[in-house]
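Asks: Dropping a structure here in structure tokens format, bear with me for questions.
The values are calculated or read from the model by the stated rules, or taken from the named source; none is laboratory data. Worth saying up front: this structure is predicted, and the values here are computed from it rather than measured. Note that each Cβ is placed from the backbone with ideal geometry, even for glycine, and that neighbours are counted across all protein chains shown. Quick note on the areas: whole protein, heavy atoms, side chains included, nothing else; ligands and nucleic acids left out. Shrake-Rupley method; radii C 1.70, N 1.55, O 1.52, S 1.80 Å.
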Amino acid sequence: MAEQQEILVTMATNLRDILYDHMEKRISSAGFKLNAVFSDTPLEDAKLKEKIKNAAGFIVSLEKVNDDLLKGAKNLKVVSKYGVGTDNIDLAAAESHGVEIANCPGSNSNAVAELVIGLMITMSRNTQNLCDRLREGRWTTEVGFEIAGKRVGILGFGNIGRRVAKYLKPFTGDILVYDVYVDRKAEGEYGVRYTSVDEIIETSDYITLHLPLLPETRHLIDKDSLARMKKGVYLINAARGGVVDEDALFDAVVSGRVAGAGVDAFEFEPPTASRMLKDERFIVLPHIGAATVEASFNMVNMAIDNVLSVLAGKGNPHPVRMV
């Protein structure tokens, strides 16, 4: 009897009780063995190499998938990201080893979009800090701002950016968007206007980032772009940390150019040395944009579908390849 092929899954510890039984049922019913590893931090290289050496498929969270890892994964045919962003996966290395790469587009769009709207309201009314002060016994009221009538700029108008625009529409009719791919039909559907990065940076009251991390987007928000922003702007990054120069952002907030920032993605995670963690003008979160029960099931089901489809010889439903 042939040995059962293995599918490796790595994900956060708090997902064990939510997803393990579901994953085991789906994967075993398809004839594969589940090897699930739950950890609060990405697995160290040596441990990951040991875990992946017999795997035919790999559902990966934040671990690095690089040439060195793939060299030892002789049975590996497919890697699916548990999520959307694949900047932790070396696509060139995967191609050279004949390993298919997939992701889960749209699976967490609603979760991230709802968080963005929440951050906008929290920053506008300073609710987090007022709550903290009241718990300390300080009754300090504060006059905030309304989103209504303000201009919102969305950098990146894919699945998440569009969902953000949909939720913003009842608040404000002044929504500017930028994306490499312009979809004119979407302008009427979502009540937005396509424009340049420069106009969004220079005229928006709120800017929210929904761009992938690519060489051309790394530190798109830097000292120069921050200096050109409208004084008092609020910035939200629930995309990828590397899109923002975090030192420049900190200085811009301290100077008052940027009124506040909501940060759910850091260039280095966890961001133990970040100055943002100790300044109340920043709302800092541990990359929880996709951390809802609903999004978790969406992502894991799509990731399993991706892996099973490739292993069954039916092709890659959501391929990610080098541009």
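Asks: Convex hull over the alpha-carbon atoms of the stretch 194-308: what's its volume per residue in Å³?
Replies: 134 Å³
Asks: From the P(r) of the stretch 52-200, could you give the percentage of C-alpha pairs in the tail past 20 Å?
Replies: Percent of Cα pairs beyond 20 Å in the stretch 52-200: 63.
Asks: Moving on. Of LYS51/LYS71; LYS33/LYS77; LYS185/LYS231; LYS51/LYS314, which sit over 21 Å apart, Cα to Cα? Please report the intermediate quantities before stating the final value.
Replies: Numbers: LYS51/LYS71 13 Å; LYS33/LYS77 15 Å; LYS185/LYS231 32 Å; LYS51/LYS314 26 Å.
From the list (LYS51/LYS71; LYS33/LYS77; LYS185/LYS231; LYS51/LYS314), the Cα-Cα distance tops 21 Å for LYS185/LYS231; LYS51/LYS314.
Asks: Let me have the relative contact order for the stretch 109-155, percent, based on Cα pairs under 8 Å that are six or more residues apart.
Replies: Reported relative contact order: 36 percent.
Asks: What number results when the radius of gyration of the stretch 13-120, computed over Cα atoms, is divided by 2.2 N^0.38 Å?
Replies: Rg over 2.2 N^0.38 Å, computed on Cα atoms: 1.15.
Asks: Got a number for carbon plus sulfur as a percent of the stretch 50-115's accessible area, 1.4 Å probe?
Replies: Values: 1140 of 2480 Å².
Accessible surface attributable to carbon and sulfur in the stretch 50-115 totals 46 percent.
Asks: Report the net charge of residues surrounding GLY232, where surrounding means a beta-carbon distance below 10 angstrom and charges are Lys +1, Arg +1, Asp -1, Glu -1. Can you show the working numbers first?
Replies: Values: positive: LYS230, LYS231, ARG257; negative: ASP205.
In short, +2.
Asks: From the convex hull of the Cα coordinates of the stretch 1-75, what is the mean projected area in square nanometres?
Replies: Working: hull surface 20.3 nm².
Approximately 5.1 nm², given one-decimal rounding.
Asks: Taking amide H positions as placed in the peptide plane 1.01 Å from N, state which residues far from ALA36 in sequence (5 or more) or on other chains have amide H under 5 Å from it.
Replies: VAL9
Asks: May I ask for the Kirkwood hydrodynamic radius of the stretch 1-43, worked out over all distinct Cα pairs and given in angstroms to one decimal?
Replies: Its Kirkwood hydrodynamic radius stands at 11.0 Å.
Asks: Let me ask another. In whole Å and largest first, what semi-axes does the C-alpha gyration tensor of the stretch 136-214 yield when each eigenvalue is scaled by 5 and square-rooted?
Replies: 27, 14, 12
Asks: Next question, about the same structure. Per the helix-only calculation at 222 nm, which mean residue ellipticity applies to the chain, given -39500 (n - 2.57) for every DSSP H run of n ≥ 4 and division by its residues, nearest 500 deg cm²/dmol?
Replies: The helix-only estimate for the chain comes to -10500 deg cm²/dmol at 222 nm.
Asks: So between LYS169 and LEU214, what do we pick up on full extension, going 0.36 nm a residue minus the alpha carbon distance?
Replies: Details: separation 45, 0.36 × 45 = 16.20 nm, distance 2.90 nm.
Net length gain for the segment: 13.3 nm.
Asks: A follow-up question, please. Any chance you could get the radius of gyration and Dmax over the Cα atoms of the stretch 243-317, in Å?
Replies: My reading of the Cα-based Rg and Dmax gives 18.4, 57 Å.
Asks: Rounded to whole Å, give me the distance from the Cα center of the stretch 262-316 to that of the stretch 165-205.
Replies: Cα centroid to Cα centroid, the span is 25 Å.
Asks: Which of the aspartates and glutamates could be linked to LYS49 by a straight reach, that is with a Cα gap under 17 Å, when you skip same-chain ones fewer than 8 residues away?
Replies: The qualifying aspartates and glutamates are GLU6, GLU63, ASP67, ASP68, ASP90.
Asks: Now a separate question. Roughly to the nearest percent, how much of the accessible area of the stretch 268-323 is carbon and sulfur, given a 1.4 Å probe?
Replies: After summing per-atom areas, the C and S share lands at 60 percent.
Asks: Given Cβ point charges of +1 (Lys, Arg) and -1 (Asp, Glu) and nothing else, what value in debye, to the nearest 20, does the dipole of the chain about its Cα centre take?
Replies: Using Cβ point charges on Lys, Arg, Asp and Glu, the chain gives about 500 debye.
Asks: Per residue, what accessible area does the chain have, given a 1.4 Å probe and all protein chains present, in Å²? Working shown, then result.
Replies: Details: 16210 Å² over 323 residues.
Value returned for the chain: 50 Å² of accessible area per residue.
Asks: A follow-up question, please. Can you compute the FRET efficiency between ARG321 and GLU142 using 1/(1 + (r/R0)^6), with r the Cβ-Cβ distance and R0 = 45 Å? Round to the nearest 0.05. Could you put the intermediate results ahead of the total?
Replies: Numbers: r = 49 Å, r/R0 = 1.10.
Once rounded, the FRET efficiency stands at 0.35.
Asks: List the residues, sorted by chain then number, that are 5 or more residues from VAL78 or on another chain and whose placed amide H is less than 5 Å from its amide H.
Replies: So VAL78 has HN proximity to PHE58, GLU100.
Asks: Among the complete DSSP H segments of the chain, which ones combine at least 15 Å of alpha-carbon extent along their axis with a mean Kyte-Doolittle hydropathy of 1.0 or more?
Replies: Helices meeting the span and hydropathy rule in the chain are 109-125, 293-311.
Asks: In terms of modelled amide H atoms, which long-range or inter-chain residues lie less than 5 Å from the amide H of VAL258?
Replies: The answer is GLY232, VAL253.
Asks: Hey, any idea what Rg/Rh is for the chain, computing Rh the Kirkwood way over Cα pairs?
Replies: Here the Rg-to-Rh quotient is 1.00.
Asks: Still on this model: Please check the chain for the longest run free of trypsin sites (Lys or Arg not before Pro) that are loop-located per DSSP (anything but H, G, I, E, B) and have at most 13 other Cβ atoms within 10 Å.
Replies: Looking at the chain, 139-227 is the longest stretch - no exposed trypsin sites (Lys or Arg not before Pro) with at most 13 other Cβ atoms within 10 Å.
Asks: Related question: For the stretch 218-277, what number results from the quotient of the Cα radius of gyration and 2.2 N^0.38 Å?
Replies: Its radius of gyration relative to the 2.2 N^0.38 Å reference: 1.01.
Asks: Okay, next question. Which of the listed residues, GLY161, LEU91, ILE101, is farthest toward the dipole's positive end in the chain, when Lys, Arg count +1 and Asp, Glu count -1 at the beta-carbon?
Replies: Going by the charge dipole, the pick is GLY161.
Asks: Exactly which GluC sites (Glu not before Pro) in the stretch 1-57 are in a DSSP loop and have at most 14 other Cβ atoms within 10 Å?
Replies: For GluC sites (Glu not before Pro) across the stretch 1-57 that sit outside H, G, I, E and B with at most 14 neighbouring Cβ atoms in 10 Å, the list reads GLU3, GLU44.
Asks: Order the following by accessible area, largest value first: SER80, SER196. Probe radius 1.4 Å; ligands, DNA and RNA are ignored.
Replies: SER196, SER80
Asks: Could you work out the local net charge near SER28, counting Lys and Arg as +1, Asp and Glu as -1, over the other residues with Cβ closer than 14 Å to its Cβ?
Replies: 0
Asks: Moving on to the next point. With a cut-off of at most 12 other beta carbons within 10 Å, and DSSP calling the residue loop, which GluC sites (Glu not before Pro) in the stretch 194-255 qualify? Please list them.
Replies: Working: sites: GLU199, GLU202, GLU216, GLU246; in loops: GLU216.
For GluC sites (Glu not before Pro) across the stretch 194-255 that sit outside H, G, I, E and B with at most 12 neighbouring Cβ atoms in 10 Å, the list reads GLU216.
Asks: By how many nm would the segment from SER39 to ASP87 grow when fully extended, if each residue of separation counts as 0.36 nm and the alpha-carbon distance is taken off?
Replies: Length gained between SER39 and ASP87: 15.3 nm.
Asks: Would any residue of the stretch 198-223 have its amide N under 17 Å from a label point 7 Å out along Cα→Cβ of GLU187? List them or say none.
Replies: Of the residues in the stretch 198-223, 198-200 have backbone N under 17 Å from the label point off GLU187.
Asks: So what does log10 I(q)/I(0) come out to for the stretch 100-180 at q = 0.13 Å⁻¹, using the Debye formula with one equal point on every Cα and no solvent?
Replies: Per q value, in the given order, log10 I(q)/I(0) is -0.53.
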